[in-house]
Amino acid sequence: MCLGIPGEVIELLADQPDLARVEVSGVRRVINVGLLADDLPAPGEWVLIHVGFALSKIDENDAAEALKFLEDIGQAYADEPDALAQLRVE
């Protein structure tokens, strides 16, 4: 299983055609879009990213759902210490 993170394409790097700048949860980074060479994403489109590579294009609704899911997982992890502290073993 791999974890894919949705990112919005901000720009394709003119001097390096296999690279694009994307925004992931407010953080901008450069990723490789070479796997999508037959259908390069345009600025404003969303891609699914794994270890710095865009694996596929996704629509904005799927991206929003995936980001919400990831946020919920993170919140569950953050809540776990409090839940464990409240357990009483008798």
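Every number here is computed from the coordinates shown, using simple stated rules; none is lab data. No experiment lies behind these values; they were computed from the predicted model shown. Reconstructed Cβ throughout: ideal geometry from the backbone, glycine too, with neighbour counts over all protein chains shown.
Exactly one condition in (1) surrounded by 13 or more Cβ atoms within 10 Å (Cβ to Cβ); (2) more than 16 Å from the chain's Cα centre (by Cα) is false for ASP15; which is it?
Here ASP15 clears every test but (1).
Pairs please, first residue from the stretch 12-26 and in contact (Cβ under 8 Å) with a residue 40 or more places away in the chain, second anywhere and among the polar types (S, T, N, Q), Cβ atoms under 6 Å, 6+ apart in sequence or on different chains.
Taking only residues 6 or more apart or on different chains, not a single pair turns up.
If you take the residues in the stretch 25-41 that are among the β-branched types (Val, Ile, Thr) and surrounded by 15 or more Cβ atoms within 10 Å (Cβ to Cβ), which one is nearest to LEU67 (Cα to Cα)?
ILE31
Pick from LEU70, LEU40: which is out of contact with any helix residue (DSSP H, G or I) (no Cβ under 6 Å at 6 or more places or on another chain), free of Cβ contacts under 8 Å to residues at least 60 places away in the same chain and over 12 Å from GLU8 (Cα atoms)?
Only one candidate passes the filter, namely LEU40.
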